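Pasting a structure below so you can have a look.
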Amino acid sequence: MRVISLILRRIARASPRRRPLRGRANDPSRLAWRLVSFFILSLATVASAHADYRLGVFGHRPQEVLQRQWQPLADELSQALGEPVILEVLTPESLDREIAARRIDFLFTNPVHYIQEKYRHAFSGPIATLITVEHGIKTAALGGVILVRRDGPIRRPEDLKGRRILIPGAKGLGGYLAQAGWLLERGVRVPDDVTLLPQGNHDAVVQALLEGKGEAGFVRTGLLEALTREGRLSAEDQERLMVLGEWHPAGFPYKVTTSLYPEWAFVALPHVSPEVARKVALALYTLTDRLDAMPDPRFLAAGIGGFTVPADYSGVERLAQRLRVPPFEHVEVELRDVLHQYAIPLVLLACSAFLLVLLTLRLWHTRRQLEHQRARLASALVETQTILETVDEAIYGTDAQGRCTFFNRAASELLGFSPEEVLGKDPHELFHARRPDGQPYPPEHCPLHRALETAQKVCQDDVFWRRDALPVPVHVSASPRLENGRVMGAVVAFHDITEEVRLLEELRRLAAYDPLTGLANRGHLEQRLQEAQSAVQRSKRPAALLMFDLDYFKKVNDTYGHAVGDRMLQAFARVLRHNLRPTDFIARYGGEEFIAILPDTSLDTAVKVAERVRQSWAHTQLPLDDPGKVLSGTVSIGVAPLDPDAPLDESLARVDEAMYRAKREGRNQVALPPTGSKRLEAGACS
């Protein structure tokens with residue numbers, strides 16, 4: 001009807017406009033023109049009773065496939081309108097020409113093409129958004145899929161640089177723009193960093209990829225499932241393909257790589273009357289309700305689940321603006337674009353600053369705790385006070401796969417690696433792959449990989465390996481970086497705890513050794529006595545105990561002062577070390593009393609050792625402050641076997657009795673415990 005009306009208007013404009021002449025009312029030419037006009041108007045009247053509408057569909061797949069897929073929808077609309085709705089699958093260029101010529105009444109297209117046509121022809125928003133269905137699961141969203149061959153070289157997004165990528169065309173959302181935006185976030189710029197090979201439609205992309213014409217392919221979500229449903233993709237071919245960066249959004253039934261965007265838009269063009277547009281919208285929504293109540297095999301075979309109210313396509317528009325595709329190819333760069341482009345580095349810097357504050361507070365708290373311990377340490381520990389004041393925290397960050405994305409100066413100085421040696425690699429493999437004993441360090445135990453796997457912060461003491469193969473004890477704090485609930489990477493902070501480890505060892509040493517003589521203290525002696533007794537029980541080899549008591553030590557303190565007494569104790573400790581074996585254990589038992597454990601030693605040999613110590617001490621002279629004056633002393637020594645079957649208290653009591661026997665019988669001698677004697681009261685002899 002519209003075509004005939006157009007013809008009539010053109011004929012009317014072309015017909016001569018003559019003023020009627022008197023006497024020529026019955027001019028034959030005028031009469032003929034009236035007859036032709038009447039005939040054409042009659043045809044127009046007949047044609048007006050059989051108006052039709054044209055539905056233009058974006059041709060992203062072969063025409064015969066889309067014609068078969070969407071014909072049930074055209075039939076549904078024809079029935080709703082009572083007029084034929086003619087389905088036409090067209091290329092983007094053809095659609096644009098038909099829309100401009102007003103030869104298309106309804107447009108059904110992907111979101112990006114809808115945005116482009118809306119800006120070109122200034123029409124309003126869609127009347128409905130498509131719902132697809134797969135295995136009974138409905139969705140009104142779509143995304144992009146990046147396909148690679150399973151036996152090919154592509155495993156990570158950056159592997160695509162310099163590669164050939166097969167695409168349907170450069171105008172679709174699911175077949176190009178969604179993938180380009182996803183790769184841009186991961187440092188791959190399309191098309192600058194890759195070679196694009198357009199194939200005309202999505203089906204051709206899959207076929208060309210299987211034939212090895214490219215290393216990767218861009219297709220929209222649902223295509224793989226459609227090809228499988230149509231019997232055009234065999235199980236063997238499915239195994240040959242792999243989805244790069246595949247993830248599984250909740251309630252989304254298709255394989256997908258990128259973020260999700262609204263599905264196709266159904267648009268009534270401006271010249272369509274509001275009454276017809278409302279009928280079409282009602283038909284689309286009614287179709288959805290009917291399919292929910294009673295599935296239709298025609299629509300199920302095409303994966304159509306109905307239509308829903310128009311979705312928000314602003315996210316698609318922002319993606320097109322970011323990628324500078326028509327109609328936004330000439331948009332000026334603004335500050336918000338820069339902030340959007342570098343959002344991740346800015347977030348990382350903010351996280352780093354936050355972590356530094358937390359670590360500073362933690363170090364301050366640790367310093368307060370260590371101040372109470374430093375008061376009891378020797379002057380050598382004073383130097384460690386500067387450690388907490390001069391800490392420069394080392395930090396590095398990774399992506400979701402654990403590859404390093406930044407490596408700061410402090411980390412480089414601490415470990416000896418330059419940033420260039422670490423960026424793009426797994427830090428665990430570089431300086432954390434083995435334990436201090438040389439055994440492999442499994443990645444699943446690494447704090448970085450645990451933080452990425454559990455999406456929780458992990459803190460622990462550990463050991464890193466410098467570039468020169470030297471170990472560095474560190475405290476590690478690994479925090480996951482989350483975006484919309486997804487782990488996008490991690491930030492790892494660590495600092496050298498070599499001094500803290502040394503301090504702890506020093507504290508352990510002070511807890512086990514006498515600070516005056518450097519010998520083990522009484523608490524440590526009890527542990528070694530148990531170990532020695534267990535060794536005697538296992539090996540059946542004898543061990544002996546020696547107890548030493550400096551004679552008249554109280555008199556030395558009273559006469560010369562405690563400083564001289566302390567020097568005498570230190571001198572006697574040196575005599576013991578000189579005369580006993582490295583395998584023998586020596587402890588200060590209390591005051592001027594000392595005990596030695598001699599493993600693998602018989603009682604006779606122990607007596608000889610004790611006699612050697614006694615003589616050595618008798619010949620030791622201790623210089624006094626007065627020139628020319630020296631001090632010497634004697635020692636009483638008790639010797640007893642270490643009984644493997646008796647309680648340790650009994651063995652100590654026997655050697656104690658032997659020592660008191662030596663004192664009782666004149667001092668400056670070695671004595672064995674008297675047979676059948678009872679332990680003397682402490683202090684009976686001095």
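The values are calculated or read from the model by the stated rules, or taken from the named source; none is laboratory data. It should be emphasised that the depicted structure is a prediction, and the values quoted were computed from it without experimental measurement. Every residue, glycine as well, gets a Cβ built from its backbone with ideal geometry; the counts of neighbours run over all protein chains shown. What goes into the accessible areas is simple: the full protein's heavy atoms, side chains included, and nothing from ligands, DNA or RNA. Shrake-Rupley method; radii C 1.70, N 1.55, O 1.52, S 1.80 Å.
Exactly one condition in (1) in contact with a Pro (Cβ under 7 Å, 6 or more places away or on another chain); (2) within 27 Å of residue 304 (Cα to Cα); (3) open to solvent by 60 Å² or more (accessible area, probe 1.4 Å); (4) of a type outside the set (Ser, Thr, Tyr) is not met by residue 136; state its number.
It is condition (1) that residue 136 fails.
Would you pick out the residues in the range 489-523 that are open to solvent by less than 40 Å² (accessible area, probe 1.4 Å) and either under 22 Å from residue 348 (Cα atoms) or aromatic (Phe, Trp, Tyr) (or both)?
Within the range 489-523, 489, 490, 491, 492, 493, 494, 495 qualify.
So, of the residues in the range 177-214 that are among the charged types (D, E, K, R) and open to solvent by 30 Å² or more (accessible area, probe 1.4 Å), which turns out to be farthest from residue 114 (Cα to Cα)? Talk me through it step by step, then tell me what you get.
Step one: list which residues in the range 177-214 are among the charged types (D, E, K, R), which gives 185-186, 189, 192-193, 203, 211, 213.
Within this subset, residues satisfying the condition of being open to solvent by 30 Å² or more (accessible area, probe 1.4 Å) are 185-186, 189, 192-193, 211, 213.
Numbers: 185: 24, 186: 27, 189: 24, 192: 26, 193: 28, 211: 33, 213: 31 Å.
It comes out as 211.
Now, a different point. Would you call residue 653 modelled with pLDDT under 95, open to solvent by less than 70 Å² (accessible area, probe 1.4 Å) and under 15 Å from residue 546 (Cα atoms)?
When the stated conditions are applied, residue 653 passes them.
Looking at the structure I just gave you, is residue 305 in contact with a Ser or Thr (Cβ under 9 Å, 6 or more places away or on another chain), in a helix (DSSP H, G or I) and at pLDDT 80 or above? Even if it seems obvious, please write down each step before you answer.
Values: in contact with a Ser or Thr (Cβ under 9 Å, 6 or more places away or on another chain): yes; in a helix (DSSP H, G or I): no; at pLDDT 80 or above: yes.
Against the criterion (in contact with a Ser or Thr (Cβ under 9 Å, 6 or more places away or on another chain), in a helix (DSSP H, G or I) and at pLDDT 80 or above), residue 305 does not qualify.
Follow-up question, since we're still on this one. Would you check which residues across the range 203-251 are among the acidic types (Asp, Glu) and more than 26 Å from residue 264 (Cα to Cα) and list them?
If we filter the range 203-251 for residues that are among the acidic types (Asp, Glu), which is where we start, we get 203, 211, 215, 225, 230, 236-237, 239, 246.
Hits for the range 203-251 are 211, 215, 236, 237, 239.
Is it the case that residue 666 is more than 60 Å from the chain's Cα centre (by Cα), at positive phi, modelled with pLDDT under 90 and open to solvent by 20 Å² or more (accessible area, probe 1.4 Å)? First the steps, then the outcome.
On the way: more than 60 Å from the chain's Cα centre (by Cα): yes; at positive phi: yes; modelled with pLDDT under 90: no; open to solvent by 20 Å² or more (accessible area, probe 1.4 Å): yes.
No, not satisfied.
Can you report the number of residues in the range 99-129 which are among the charged types (D, E, K, R) and within 43 Å of the chain's Cα centre (by Cα)?
So the first thing to find is which residues in the range 99-129 are among the charged types (D, E, K, R), and the list is 102-103, 105, 117-118, 120.
The next check asks that each one be within 43 Å of the chain's Cα centre (by Cα); those that pass are 117-118.
So the count comes out to 2.
While we're on this one: Please work out if residue 148 is within 24 Å of residue 252 (Cβ to Cβ), modelled with pLDDT of 95 or more and not aromatic (Phe, Trp, Tyr). Reasoning before the result, please.
Working: within 24 Å of residue 252 (Cβ to Cβ): yes; modelled with pLDDT of 95 or more: yes; not aromatic (Phe, Trp, Tyr): yes.
Taking the combined requirement at face value, the residue satisfies it.
Here's something else I'd like to know. Report yes if some residue within the range 621-639 is outside any loop (DSSP other than H, G, I, E, B), open to solvent by 20 Å² or more (accessible area, probe 1.4 Å), at pLDDT below 95 and out of contact with any strand residue (DSSP E or B) (no Cβ under 7 Å at 6 or more places or on another chain); otherwise report no.
no
Given the criteria closer than 26 Å to residue 176 by Cα, polar (S, T, N, Q), in contact (Cβ under 8 Å) with a residue 24 or more places away in the chain and open to solvent by less than 70 Å² (accessible area, probe 1.4 Å), does residue 259 qualify? Steps first, answer last, please.
Details: closer than 26 Å to residue 176 by Cα: yes; polar (S, T, N, Q): yes; in contact (Cβ under 8 Å) with a residue 24 or more places away in the chain: yes; open to solvent by less than 70 Å² (accessible area, probe 1.4 Å): yes.
Considered against the rule, which asks whether it is closer than 26 Å to residue 176 by Cα, polar (S, T, N, Q), in contact (Cβ under 8 Å) with a residue 24 or more places away in the chain and open to solvent by less than 70 Å² (accessible area, probe 1.4 Å), residue 259 comes out as yes.
Follow-up question, since we're still on this one. Please list, ordered by first then second residue, the pairs with beta carbon atoms under 6 Å, 6 or more apart or interchain, first in the range 448-468 and farther than 15 Å from residue 436 by Cα, second of a type in the set (D, E, K, R).
If the second residue must be of a type in the set (D, E, K, R), the pairs left are 458/450.
So is residue 431 in contact with a helix residue (DSSP H, G or I) (Cβ under 6 Å, 6 or more places away or on another chain), more than 20 Å from residue 351 (Cα to Cα) and either modelled with pLDDT of 90 or more or of a type in the set (Val, Ile, Thr) (or both) or not? Give the steps one after another, and end with the answer.
On the way: in contact with a helix residue (DSSP H, G or I) (Cβ under 6 Å, 6 or more places away or on another chain): yes; more than 20 Å from residue 351 (Cα to Cα): yes; either modelled with pLDDT of 90 or more or of a type in the set (Val, Ile, Thr) (or both): yes.
So residue 431 fits the description; yes.
Let me ask something else. Quick one: count up the residues across the range 161-176 that are under 20 Å from residue 314 (Cβ atoms) and either at pLDDT 95 or above or surrounded by 24 or more Cβ atoms within 10 Å (Cβ to Cβ) (or both). Talk me through it step by step, then tell me what you get.
The first filter runs over the range 161-176 and keeps only residues under 20 Å from residue 314 (Cβ atoms), leaving 171-174, 176.
Next, from what is left, pick out any that are either at pLDDT 95 or above or surrounded by 24 or more Cβ atoms within 10 Å (Cβ to Cβ) (or both): 172-174, 176.
Count: 4.
So, in the range 417-442, of the ones that are among the charged types (D, E, K, R) and not in a loop (DSSP other than H, G, I, E, B), which residue ends up surrounded by the fewest Cβ atoms within 10 Å (Cβ to Cβ)? Before the answer, list the steps.
Narrowing the range 417-442 to residues among the charged types (D, E, K, R): 420-421, 425-426, 429, 434-435, 437.
Those still in the list that are not in a loop (DSSP other than H, G, I, E, B) too: 420-421, 429, 434.
Working: 420: 9, 421: 15, 429: 12, 434: 13.
That would be 420.
Failed condition for residue 482, given (1) of a type in the set (A, V, I, L, M); (2) touching a residue at least 24 places away in the same chain (Cβ under 8 Å); (3) farther than 30 Å from residue 572 by Cβ; (4) out of contact with any strand residue (DSSP E or B) (no Cβ under 8 Å at 6 or more places or on another chain), with all others met?
Residue 482 satisfies every listed condition except (4).
Determine which single condition residue 79 fails, assuming it passes every other condition in (1) farther than 19 Å from residue 288 by Cβ; (2) at pLDDT 90 or above; (3) open to solvent by 50 Å² or more (accessible area, probe 1.4 Å); (4) in a helix (DSSP H, G or I).
Exception for residue 79: condition (1).
Another question about this same structure. Which residues, counting only those in the range 304-323, are in contact with a strand residue (DSSP E or B) (Cβ under 9 Å, 6 or more places away or on another chain) and surrounded by fewer than 19 Cβ atoms within 10 Å (Cβ to Cβ)?
Residues of the range 304-323 that are in contact with a strand residue (DSSP E or B) (Cβ under 9 Å, 6 or more places away or on another chain), as a first pass: 304-313, 315-316, 319.
Hits for the range 304-323 are 308, 309, 310, 312, 315.
Here's another thing I want to ask about it. Among the residues that make up the range 398-406, is at least one of them among the β-branched types (Val, Ile, Thr), in contact with a strand residue (DSSP E or B) (Cβ under 9 Å, 6 or more places away or on another chain) and part of a helix (DSSP H, G or I)? Quick ask: steps written out before the conclusion?
Step one: of the range 398-406, the residues among the β-branched types (Val, Ile, Thr) are 398, 405.
From the residues that got through so far, the ones that are in contact with a strand residue (DSSP E or B) (Cβ under 9 Å, 6 or more places away or on another chain) too are 398, 405.
After this cut, where a residue has to be part of a helix (DSSP H, G or I) as well, the list is none.
The answer is no; no qualifying residue exists.
Still on this structure: What are the residues in the range 402-416 that are open to solvent by less than 20 Å² (accessible area, probe 1.4 Å), in contact with a Lys or Arg (Cβ under 7 Å, 6 or more places away or on another chain) and farther than 18 Å from residue 480 by Cα, if any?
Passing the criteria: only 415.
Exactly one condition in (1) modelled with pLDDT under 95; (2) out of contact with any Gly (no Cβ under 7 Å at 6 or more places or on another chain); (3) over 24 Å from residue 651 (Cβ atoms); (4) open to solvent by 10 Å² or more (accessible area, probe 1.4 Å) is not met by residue 574; state its number.
If we test residue 574 against (1) modelled with pLDDT under 95; (2) out of contact with any Gly (no Cβ under 7 Å at 6 or more places or on another chain); (3) over 24 Å from residue 651 (Cβ atoms); (4) open to solvent by 10 Å² or more (accessible area, probe 1.4 Å), just (1) comes out false.
Related question: Working only within the range 356-392, note down all residues that are at pLDDT 70 or above and among the hydrophobic types (A, V, I, L, M, F, W, C).
Hits for the range 356-392 are 356, 357, 358, 359, 361, 363, 364, 370.
Same structure, new question: Scan the range 449-482 for residues that are within 11 Å of the chain's Cα centre (by Cα), open to solvent by 30 Å² or more (accessible area, probe 1.4 Å) and among the charged types (D, E, K, R) and jot them down.
450, 453, 457, listed by residue number.
Please enumerate the residues belonging to the range 91-117 that are in contact with a helix residue (DSSP H, G or I) (Cβ under 9 Å, 6 or more places away or on another chain) and open to solvent by 30 Å² or more (accessible area, probe 1.4 Å).
Within the range 91-117, the first condition is being in contact with a helix residue (DSSP H, G or I) (Cβ under 9 Å, 6 or more places away or on another chain), and the residues that meet it are 92, 95-96, 99-100, 102-117.
Answer for the range 91-117, where residues must be in contact with a helix residue (DSSP H, G or I) (Cβ under 9 Å, 6 or more places away or on another chain) and open to solvent by 30 Å² or more (accessible area, probe 1.4 Å): 96, 100, 102, 103.
Sticking with this one: Pick out, from the range 510-579, the helices (runs of 4 or more DSSP H) lying fully within it that include 1 or more residues that are within 20 Å of residue 621 (Cβ to Cβ) and over 60 Å from the mean Cα position of the chain (by Cα). Can you show your working first?
Details: elements: 522-539, 553-560, 562-579.
Result: 553-560, 562-579.
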